[in-house]
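Colleague: My questions will all concern the structure given below.
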């Protein structure tokens, strides 16, 4: 073969490979058969094709959409969805034709965080999930679907993630987030509509890894991560880039979150960083203040530094950031296990928030007692609570883990008694004649003793100012 022939052959190969007629119509990886799309809205759909190619979408629920790729071959559009239902098909026609099947319209929730959210329904090596076998055996449900984002760490924002939608059955449920599964199961069974869950989480990660660089640069110009750099997972923004950005703007109802252990070295910073992360996600999704419900850290260890501070940062976030909610799990912690095995309670308590606040289910209590106010009568402090419509109770346990301080600021172990027919908690100590502040659960491990009549535990609290709390 002479030089001219070789040149012509090479040119022909290049022309064939890059010819517009060789272009492929592609959807972003988050879109595939068996997926759930958010009902009764306009959902975003996007992909790639040859530049300046017309893309037509036709859904069997009776809606269509049309757009064109830009000069880089990227296309984005929205298509209307209707009431919950399915299964449906979605046809995407461009340079090629794609047909997605077995699509449901329902409720879509994002499940994020670190190892306690990542922990699978089957458990971890050497760590069990309470009731996992029974839950897995009963997990077959065509109305519940899962998408697990494969771990991806990136210094720059990625456009794609790896994963596939799966229908709930023993095989798929066993490998899915236990907290996510129990959350989705309760939502699906309570509403009777399809539920899709997107799981994007990595163990041993701090919130800054899940926050975009723009927010860290603008709101934390002198940001310093105090988390030990044992792995690339802790680098600021790398998990947002690799595992959140590729999902945006997939239309969701809201997000649930279980994280905080990875930031225990700096609770004060977390009290600002966590709200900033929520703000960041909401701004990126452009869906307004979508619901964001999270789990307060469970009791663990032996007076671990920063643990109570993170719990207080989470409490402050719930009280100050719109449309957030906190599942308190002070009653299910293990002193020797950072991964509590009672994941059903965690998922269901998150679901209570959504069912009450987003789906307007009446007659349920969605939160444990939250400190409201304190007044002093002689040598005793009287504490009242929100989220205790029928009062507070110890569920037959001895009230414990209370402390009281006078003007000297020194806390002493305190007695406690429920008075006024369950409306008020009375706290006192013979060592404090002029009480000034009270706190409850002020160590990393406690056995909860304060609940509302729905059996939901009270959050740890302190009557001091937030400024003083985060100085300690």
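The values are calculated or read from the model by the stated rules, or taken from the named source; none is laboratory data. The structure displayed is predicted, hence computed values, not measured ones. Cβ: placed from backbone, ideal geometry, glycine included. Neighbour counts: every protein chain shown.
Colleague: Checking the condition under 20 Å from residue 249 (Cβ atoms) and assigned by TED's automatic domain parsing to the domain that holds residue 35, which residue from 89, 156, 77 passes?
Modeller: 77 is the lone residue from the list that is under 20 Å from residue 249 (Cβ atoms) and assigned by TED's automatic domain parsing to the domain that holds residue 35.
Conditions tested, residue by residue: (1) in the same structural domain as residue 264 (by TED's automatic domain parsing); (2) out of contact with any helix residue (DSSP H, G or I) (no Cβ under 8 Å at 6 or more places or on another chain); (3) more than 16 Å from residue 372 (Cα to Cα); (4) touching a residue at least 12 places away in the same chain (Cβ under 8 Å).
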position: 411; (1), (2), (3), (4): no, yes, yes, yes
position: 414; (1), (2), (3), (4): no, yes, yes, yes
position: 440; (1), (2), (3), (4): no, yes, no, yes
position: 443; (1), (2), (3), (4): no, no, yes, yes
position: 446; (1), (2), (3), (4): no, yes, yes, yes
position: 451; (1), (2), (3), (4): no, yes, no, yes
position: 459; (1), (2), (3), (4): no, no, no, yes
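Colleague: Residues 421, 434: which one is closer than 12 Å to residue 381 by Cα and out of contact with any strand residue (DSSP E or B) (no Cβ under 7 Å at 6 or more places or on another chain)?
Modeller: So the residue among 421, 434 that is closer than 12 Å to residue 381 by Cα and out of contact with any strand residue (DSSP E or B) (no Cβ under 7 Å at 6 or more places or on another chain) is 434.
Colleague: With (1) surrounded by fewer than 24 Cβ atoms within 10 Å (Cβ to Cβ); (2) in a loop (DSSP other than H, G, I, E, B); (3) within 14 Å of the chain's Cα centre (by Cα) as the list, and residue 322 as the residue in question, which single condition is left unmet?
Modeller: The single condition residue 322 does not satisfy is (3).
Colleague: Give the number of residues within segment 298-317 that are more than 16 Å from residue 268 (Cβ to Cβ) and surrounded by 22 or more Cβ atoms within 10 Å (Cβ to Cβ).
Modeller: 2
Colleague: Report yes if some residue within segment 245-258 is without any contact (Cβ under 8 Å) to a residue 60 or more places away in the chain and buried (at least 21 other Cβ atoms within 10 Å of the Cβ); otherwise report no.
Modeller: no
Listed here are the residues, each with its yes/no results for (1) touching a helix residue (DSSP H, G or I) at 6+ places or on another chain (Cβ under 7 Å); (2) touching a residue at least 12 places away in the same chain (Cβ under 8 Å); (3) in a loop (DSSP other than H, G, I, E, B).
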position	(1), (2), (3)
172	no, yes, no
184	no, yes, no
189	no, no, no
193	no, yes, yes
196	no, yes, no
200	yes, yes, no
205	yes, yes, yes
208	yes, yes, no
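Colleague: In segment 452-468, how many residues are more than 24 Å from the chain's Cα centre (by Cα) and surrounded by 22 or more Cβ atoms within 10 Å (Cβ to Cβ)?
Modeller: Here the count works out to 2.
Colleague: Hey, does segment 233-250 have a residue that's within 20 Å of residue 325 (Cβ to Cβ) and in contact with a strand residue (DSSP E or B) (Cβ under 7 Å, 6 or more places away or on another chain)?
Modeller: no
Colleague: Right, something else. Is it fair to say residue 224 is closer than 14 Å to residue 263 by Cβ, at pLDDT below 95, assigned by TED's automatic domain parsing to the domain that holds residue 265 and not in a helix (DSSP H, G or I)?
Modeller: It is true that residue 224 is closer than 14 Å to residue 263 by Cβ, at pLDDT below 95, assigned by TED's automatic domain parsing to the domain that holds residue 265 and not in a helix (DSSP H, G or I).
Colleague: Another question, if that's okay. Against the condition surrounded by fewer than 23 Cβ atoms within 10 Å (Cβ to Cβ), assigned to a strand (DSSP E or B), in contact (Cβ under 8 Å) with a residue 12 or more places away in the chain and in the same structural domain as residue 249 (by TED's automatic domain parsing), how does residue 142 come out, does it pass?
Modeller: yes
Colleague: Ok, one more. In this structure, does residue 122 turn out to be touching a helix residue (DSSP H, G or I) at 6+ places or on another chain (Cβ under 6 Å) and either outside the structural domain of residue 202 (by TED's automatic domain parsing) or buried (at least 17 other Cβ atoms within 10 Å of the Cβ) (or both)?
Modeller: yes
Colleague: Same structure, new question: Only one of (1) part of a helix (DSSP H, G or I); (2) over 14 Å from the mean Cα position of the chain (by Cα); (3) surrounded by fewer than 22 Cβ atoms within 10 Å (Cβ to Cβ) is not met by residue 265, so which one is it?
Modeller: The one condition residue 265 does not meet is (1).
Colleague: Sort through 244, 256 and tell me the only one that's at pLDDT 95 or above, over 14 Å from residue 153 (Cα atoms), assigned by TED's automatic domain parsing to the domain that holds residue 291 and under 18 Å from the mean Cα position of the chain (by Cα).
Modeller: Sole residue among the options that is at pLDDT 95 or above, over 14 Å from residue 153 (Cα atoms), assigned by TED's automatic domain parsing to the domain that holds residue 291 and under 18 Å from the mean Cα position of the chain (by Cα): 256.
Colleague: Inspect all residues belonging to segment 83-103 and state whether any of them is at pLDDT 95 or above, closer than 30 Å to residue 207 by Cα and surrounded by fewer than 17 Cβ atoms within 10 Å (Cβ to Cβ).
Modeller: no
Colleague: Are any residues in segment 461-472 in contact (Cβ under 8 Å) with a residue 60 or more places away in the chain, part of a loop (DSSP other than H, G, I, E, B) and in contact with a strand residue (DSSP E or B) (Cβ under 8 Å, 6 or more places away or on another chain), and if so, which ones?
Modeller: Residue satisfying the conditions is 463 alone.
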